[in-house]
Amino acid sequence: MRDSFPYMATRAQDDVFERYERYVRIKAPKPIKYGDLKGLVDVSIGYESLPFRVRRDYFKLGDDRVVVPVTVELDNGELSFKLEKNQSYVAKVGVYGAVTSMTREIVDEFDYDLVQTYLPEAYAAQAQKQGRSTYQKILVLDRKLRYRLDLVVKDLRSGKVGVSRTAIVPPAFGGENLKASSLILTDLVRQLEDMEKDEMFVLGNVKVRPVLDHKFAASAPLAIYLQVYNVSADQATLVPSIEASYRISKGKKVLMEEVDETGASIQYFSGQRMVLVKSLPIRQLEPGRYHLNVKVHDKISDQEVSAGQVFQVRAPSAADSLNKTASLQ
């Protein structure tokens, strides 16, 4: 059966997710480089605004903790690029974030240098106008508490600043019923061989970078990442028996549906979770807005759970291929 699910854990523990438990045990505060950005959290100053998007996803870690990837995304067309000595066009953004409890205690804070680089031919073709820069901080938080998330981003060339304040409210994943995590839509998902490497966008042994504006070029597949909890396993084989359907619709019309009855989209399974990774071709879809629905039926317990998300297919452009030359550092 391990041939069918090569990353299936045969014991109760969650092998590839234990890194987050270790993170909690050894976490120590790091010095903050952007103290000036930290000072903007509670101060209203008339900076020229730098727009950005924020996403919080929720994944069960255990009975008392959740993994919360916080993702920040900027449109590169909003950034100031400068031609540097290496003949590349470079934009630099400072990111600062703080997570505080309802009693105003700082639970975690972080900052980061986000650097985006384009080769001259890509920049000349205005590839950056459709590109985006993405940063992610993975948090491990107490499931029973609520938090405040403050984020500040600053274009280090133009001085433009963006500020965001939002809540982090972990959902309840307990009980015996099927539960689903956040549904991530992405254009970048790949399995990692080195599960211990500390990287952004890493969940277990998978690197998955969310697309926050949910806009995808039809030329590339739409990839899906979802975790499902409380999935039953056959007592003899320790293997689940599920049917997963992936449906794309527009209005009331179903345009595409793929049904997995063999477990081919199961990337990982343990006593704690089932991870589904699936790629859907969207080349035949016209530009426009669509709805994706993922439904999982546990055949052993005869339970179902669903997750859905709206996304947009955009018209292809010459810049799409050139955007591959951009690098996120």
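Placing +1 on each Lys and Arg Cβ and -1 on each Asp and Glu Cβ, with no other charges, gives the chain a dipole about its Cα centre of roughly 820 debye. Residues whose amide H falls under 5 Å from that of residue 131, counting only those 5 or more places apart or on a different chain, are 76, 77, with hydrogens built in the peptide plane. Only protein heavy atoms count here; on that basis, with a 1.4 Å probe, residue 138 has an accessible area of about 30 Å². Between the listed residues 147, 251, 35, the Cα displaced farthest toward the positive end of the dipole of the chain, a dipole computed from Cβ unit charges relative to the Cα centre, is found at 35. In sequence order, segment 296-309 has phi-based couplings of 10, 10, 7, 6, 6, 8, 6, 10, 10, 9, 10, 9, x, 7 Hz under the Karplus curve 6.51 cos²θ - 1.76 cosθ + 1.60, θ = phi - 60°, and Gly or Pro positions carry x. Net length available on complete extension from residue 113 to residue 126 is 2.4 nm, with 0.36 nm assigned per residue and the Cα-Cα distance removed. Whole-Hz Karplus values for segment 110-117 come out as 7, 8, 7, 9, 9, 10, 10, 10 Hz, taken residue by residue from phi with 6.51 cos²θ - 1.76 cosθ + 1.60 and θ = phi - 60°; glycine and proline positions read x. Each residue of segment 86-91 was assigned a 3J(HN,Hα) from its phi angle through the Karplus expression (A = 6.51, B = -1.76, C = 1.60, θ = phi - 60°), giving 7, 6, 10, 8, 10, 10 Hz with x at Gly and Pro. Within segment 162-217, the trypsin sites (Lys or Arg not before Pro) that combine a DSSP coil assignment with at most 13 other C-beta atoms in a 10 angstrom radius are 197.
Each other residue within a Cβ distance under 10 Å of residue 182 adds +1 if Lys or Arg and -1 if Asp or Glu, for a net charge of +1.
With charges set only on the Cβ (+1 for Lys and Arg, -1 for Asp and Glu), what does the dipole of segment 74-119 come to about its Cα centre, in debye to the nearest 20?
260
The relative contact order of the chain, computed from alpha carbon pairs under 8 Å that lie at least 6 residues apart in sequence, is 19 percent. Checking every one of the GluC sites (Glu not before Pro) in segment 210-277 against DSSP loop status and a limit of 15 other Cβ atoms within 10 Å picks out 261. The charge dipole of segment 210-304, taken about its Cα centre with unit charges on the Cβ of Lys, Arg, Asp and Glu (plus for the first two, minus for the last two), comes to roughly 500 debye.
Starting from the Kirkwood radius over alpha-carbon pairs of the chain, derive D by Stokes-Einstein at 4 °C in a medium of 1.567 mPa s and give it in µm² s⁻¹.
60
Taking a ≥ b ≥ c as the square roots of the eigenvalues of the alpha carbon gyration tensor, segment 117-239 is oblate, as a/c is not under 1.5 and a/b does not beat b/c.
List the chymotrypsin sites (Phe, Trp or Tyr not before Pro) within segment 237-283 that fall in a DSSP loop (any state other than H, G, I, E or B) and whose Cβ has at most 10 other Cβ atoms within 10 Å.
none
Close amide H pairs (under 5 Å, H built 1.01 Å from N) link residue 88 with no residue at least 5 positions away or on another chain. Over the residues of the chain, the helix contribution to mean residue ellipticity at 222 nm works out to -1500 deg cm²/dmol, using -39500 (n - 2.57) for each DSSP H run of at least 4.
The values are calculated or read from the model by the stated rules, or taken from the named source; none is laboratory data. Note that the structure is predicted; figures quoted are calculated from it, not measured. Using ideal geometry, Cβ is built from the backbone for each residue, glycine included, and neighbour counts are taken over all protein chains shown. Ligands, DNA and RNA are excluded from the accessible area calculation, which covers all protein heavy atoms including side chains. Shrake-Rupley method; radii C 1.70, N 1.55, O 1.52, S 1.80 Å.
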